[in-house]
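A short write-up of the structure that comes next.
The values are calculated or read from the model by the stated rules, or taken from the named source; none is laboratory data. The model shown is predicted, which means the values in this text are computed figures rather than measured ones. In this analysis, Cβ positions are derived from the backbone assuming ideal geometry, glycine residues included, and neighbour counts consider all displayed protein chains. For accessibility, only protein heavy atoms count, side chains too; no ligands or nucleic acids. Shrake-Rupley method; radii C 1.70, N 1.55, O 1.52, S 1.80 Å.
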Amino acid sequence: MPGRKREIRNPKQRTGFLRSLRFRLTLSYVLFFSVLLVAIGLLFQKTLQLGMDDDSRAALEEEWGAAKGYLHIENGKPIWIADPTDPEEAYIVERLRHVYMLADGNGKVLEHTQTFDSIGIDSPQEIGRILNLPVPEIHVRRDADGVPYMIKAGYVRGDRGRPYFFALGRSIQGNERTVENFRKNYFLLLPGMIFVAALLGWVLASRAIRPLNLVAATAQEITGSNLSLRISRRNANDELDNLIDSFNRMTGRLSESFDQIRQFSTDVSHELRTPLTAIRGQLEVALFTAEKPDQFRDAMVNALEDVEKLSSIVRALLLLSQAESGQLVLQKTRLDLGEVVTDVVDQFQIPADEKNVTLTATLEPGWVANADRTQVERMISNLLSNAVKYTPKGGKVHVSVGQDTEKGWIRLEVQDNGVGIPAENLPHIFDRFYRVRNAQTNYTQGLGLGLSFVAWIVSAHDGAIQVESKPGEGSRFIVRLPAAMAAPEVVPEPVVTSA
């Protein structure tokens, strides 16, 4: 409408922020890195904890060995042997005795430290269980304040080789504090790392979808009047370049379709205008100049002939439109092409004789195809009609049916020695309303739809058609159709008669 403005919005404005591809890509990056950073933190925490536990375990093993060297049990009493004049040795013994417990085989506690009392004295049943173990046992226990201790419990030999329960421990509170500090510091920094990952993801997503925005912007500029516009490739040979190539091919097909529609409209207007103009002219002449009934009758007869021509054009267009849109359903049966060609050739003998054109056929029997008889007859009729029409007097038209050079295919040829088709016209002869215009064909009437029908019929039967032609020497149309599989022979069952 006049005065009405057409608004073209930016593709970025059409999509809501939360539904935009950039936001969703960024969110994917953030979620991925968040899960990855949490997993890395937990893994480092577990690794740190295991490493420190291994160090504590190794230190406890050393202390256990040292304690067995300093501790002697005589007459059921523990004696720690150390040089009182050596402060370092005295300190070592005192440190070893900081967390320890000693009991006899009956579970009677011989000596224990206050710290071990806070941890919990082992019961006689537990002492008996430990004494029956082949190797000492290491476990973690907590005192009344929740301080963790790593305890190694086993047995030592006293006088006369009697086993005594011996438990030695060391605090691992420092390990827990170190792990806890790592956890707090890491997860305190985690939101900042996620924020940095979000910024990085936002930038990367922007760079990733920039070519898509360019494609969308270019697509907005393409209209029916500038379908020749193409998007430049990035030469990265990636998915986006494949998308750009597909888009360019699509616009190319659209451009061809628009050109065909425009050409079709022009051809239809021309083909319909000619008989309409003739009808109007004849009726006007009859209206203003005719005086006798014969003159009126002649005008009406001529007008009816043009009306019939107009009707033929409309019927042909309607049939071709139905065929190309899939509304025309093929009724395929096993069809002997030799028989069909024989019938059609018989129909064209009279027109060929009237024009003094020799029409012959070479037909190999037994070539059967799964085809629609009506459409195959129309295809052969259109090819023969053109051959006879464009072959001068004294010329020849020959039809043949036989085996193709490729196994499983049938070859149908229609050859004439008529006017021929120039090479520049060959790519267009199957287009609607296309007719070769030269001095030899200008006086030949036709709609320019026959070969369009032929091309559709061949395609609908999964076949192929090609043309060989030279001006002044004639044309040869070669149609290849897939042969039908031989019908299985029915073997009658033997009749069994009873005696």
Practice problem: Only helical DSSP H runs with n ≥ 4 go in: add -39500 (n - 2.57) per run for the chain, normalise by residue count and round the 222 nm mean residue ellipticity to 500 deg cm²/dmol. | Solution: -18000 deg cm²/dmol
Quiz item: What number comes out for the charge environment of residue 112, summing +1 per Lys or Arg and -1 per Asp or Glu over other residues with Cβ under 11 Å away?
Solution: -2
Quiz item: Cross-link partners among lysines for residue 184, C-alpha distance below 22 Å, same-chain residues fewer than 8 apart left out?
Solution: 46
Exercise. Can you spot the lysines whose alpha carbon is less than 17 Å from residue 355's alpha carbon? Ignore those fewer than 8 places along the same chain.
Key: 389, 393, 396
Self-check item: 15 Å beta-carbon shell around residue 286, net charge (K/R +1, D/E -1)
Solution: -3
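Taking only the C-alpha atoms, wrap a convex hull around the range 145-221 and report its volume per residue in Å³ as a whole number. If you can, show how the numbers build up before the last one.
Numbers: hull volume 12.3 nm³, N = 77.
About 159 Å³ per residue, rounded to a whole number.
Could you compute Rg(Cα) / (2.2 N^0.38 Å) for the chain, with N its residue count?
After normalising by residue count via 2.2 N^0.38 Å, the value is 2.17.
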Practice problem: Roll a 1.4 Å probe over the protein heavy atoms and report the accessible area of residue 23 in Å², nearest 10. | Solution: 50 Å²
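Please work out the average accessible area per residue across the range 76-219, using the 1.4 Å probe convention, and give it in Å².
Result: 57 Å² of accessible area for each residue.
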Quiz item: Assuming R0 = 51 Å, what is the FRET efficiency of residue 54 and residue 254, from their Cβ-Cβ distance, to the nearest 0.05?
Solution: 0.15
Quiz item: In whole percent, how big is the carbon plus sulfur part of the accessible area of the range 72-136, probe 1.4 Å, protein atoms only?
Solution: 51 percent
Exercise. Along Cα→Cβ, 7 Å out, is where each label goes; now give me the distance between the ones at residue 230 and residue 214 in nm to one decimal.
Key: 1.5 nm
Practice problem: Could you tell me what percent of the DSSP beta bridges with both partners in the chain are antiparallel, to the nearest 5? | Solution: 90 percent
Practice problem: Find out how many positive minus negative residues lie around residue 373, taking Lys and Arg as positive, Asp and Glu as negative, among other residues whose Cβ is under 13 Å from that of residue 373. | Solution: -2
Quiz item: Carbon and sulfur together cover what percent of the accessible area of the range 140-262 at a 1.4 Å probe radius?
Solution: 56 percent
